[in-house]
Amino acid sequence: MSGSSRVGFCLSDKKRRRINLQAFADFCAGHGVEVVEIDLTQPMGPQGPFDVIVHKLSDVIVEAEHDSQSQQLLANFQSFVSDNPSTVLLDPLPAMTRLLDRFASYRIMSKLHNSLRDWRVCSPSYLEIQSADDLTSVQQAVTTLSFPLICKTRVAHGSLSHEMCLIFSGGGLADVRAPCVLQSFVNHGAVLHKVFVVGEKHFCVERPSLKNFPPGPCDRNTIFFNSHHVSKPESNSALTALDEQTPLLPPPSSEAVAALVKELRLQLGMALFGVDVIINTHTHTLTVIDINIFPGYEGVPQFFSALLSHIQSVLGKQPAVSPEEQLTSGASSAAAKDQ
């Protein structure tokens, strides 16, 4: 392709602010790329044409299950995409929809230990809870897991998806709200490594996380928490406070992380996603605990240049971002907030 390219962004107001879309548009303008904000409530045809559409339609996809207006918005978007096959979609709707379901994403995670065996990458044991009506059957099923357990909503989107709890015994299973996943909690020294993926590039950012807990069942009450609050860069939660004698863990192997990203890009068929990984305090194994759709890229100052480079690459253009710009561009996006 030659000349100027048009890239449509279909994002919620909240997402636009978090990635600072206006600043990104200004950055792209200097590289022959026009950024256009798509209004999904208006016909898309007159707003086009688009060489690329970058979107995060999580709200619309989730609401379309019970809301006719969202169903229509989604149908209109899909119709436009079908009518314009040359437009590159970042990322494919089916792939994004799959990651909205933790049942589906955890099945992908559970197979990583096979494909990445040489890198000692794994994910914790987990259990899908379709219904908690029969507490006895849930108690029997969790014998395949090890306490404490972390409970997460099935839908991996929205404010409720950050509401989690730590369950310390069979009695605590009464606090389970189905549908959800129960995942064996792995001690990891209160350090979370967020891997942000932008096409061929990825970036690792360290965040606070849950402190270590003694393994095995105990009579401790269930702890309810919001993962978004616990893992904010400036988080100062009692849940992240380690004992002074807790040894520091080594950072994740850059080679193992690169292998993980490569495998997930293949498995997911996506270019914009995040992976939450931890280091097991006992085995030092790289452990994958969650996959996120189009995260906030907070703490990644190279986000703007990486995204522009990926857009140019899918259009068959040579990236026009200099090494100097890669160090400085997108600095304003470092103030963005994770989702």
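Every read-out reported here was derived from the displayed coordinates using simple, explicitly stated rules and does not represent laboratory data. It should be emphasised that the depicted structure is a prediction, and the values quoted were computed from it without experimental measurement. Note that each Cβ is placed from the backbone with ideal geometry, even for glycine, and that neighbours are counted across all protein chains shown.
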Given only helices, namely DSSP H runs of n ≥ 4 each adding -39500 (n - 2.57), what is the per-residue ellipticity at 222 nm of the chain, to the nearest 500 deg cm²/dmol? -8500 deg cm²/dmol
Charge sum, other residues only, whose C-beta stays under 15 Å from VAL36's C-beta, Lys/Arg counted +1 and Asp/Glu -1: -3
Considering only DSSP beta bridges with both partners in the chain, what is the antiparallel share in %, to the nearest 5? 75
The stretch 1-85: GluC sites (Glu not before Pro) in DSSP coil with no more than 15 other Cβ atoms inside 10 Å: GLU65
Cut-off 12 Å between beta-carbons: net charge of the residues surrounding SER169, Lys and Arg +1, Asp and Glu -1: -1
Please determine, in degrees from 0 to 90 and to the nearest 10, the orientation of helix 254-268 with respect to the longest principal axis defined by the Cα atoms of the chain, where the helix direction is its Cα long axis. 70
Ranked highest first by the average count of other Cβ atoms within 10 Å around their residues, in what order do 43-50, 9-16 fall? 9-16, 43-50
What is the calculated FRET efficiency for ALA174 to SER4, with r their C-beta to C-beta distance and R₀ = 51 Å, to the nearest 0.05? 0.30
Stretchable slack from GLN140 to ASP39, in nm (0.36 nm times residue separation minus alpha-carbon distance): 31.4 nm
Rounded to whole Hz, the Karplus (6.51, -1.76, 1.60) HN-Hα couplings of the stretch 65-75, x for glycine and proline: 5, 9, 10, 5, 5, 5, 4, 5, 4, 5, 5
Determine the dipole magnitude for the chain: charges of +1 sit on the beta-carbon of Lys and Arg, -1 on that of Asp and Glu, nothing else is charged, the reference point is the Cα centre, and the result goes in debye to the nearest 20. 400
Taking only the alpha carbons of the chain, the radius of gyration and the largest Cα-Cα distance, Dmax, both in angstrom, are 20.9, 66
Calc'd 3J(HN,Hα), the stretch 177-190, phi into Karplus 6.51 cos²θ - 1.76 cosθ + 1.60 (θ = phi - 60°), Hz, glycine/Pro = x, comes to 10, 7, x, 7, 10, 10, 10, 4, 6, 10, 4, 9, x, 6
Over 20 Å (Cα to Cα) among LYS152/LYS194; LYS232/LYS262; LYS14/LYS232; LYS56/LYS111; LYS15/LYS111; LYS201/LYS262 -> LYS232/LYS262; LYS56/LYS111; LYS15/LYS111
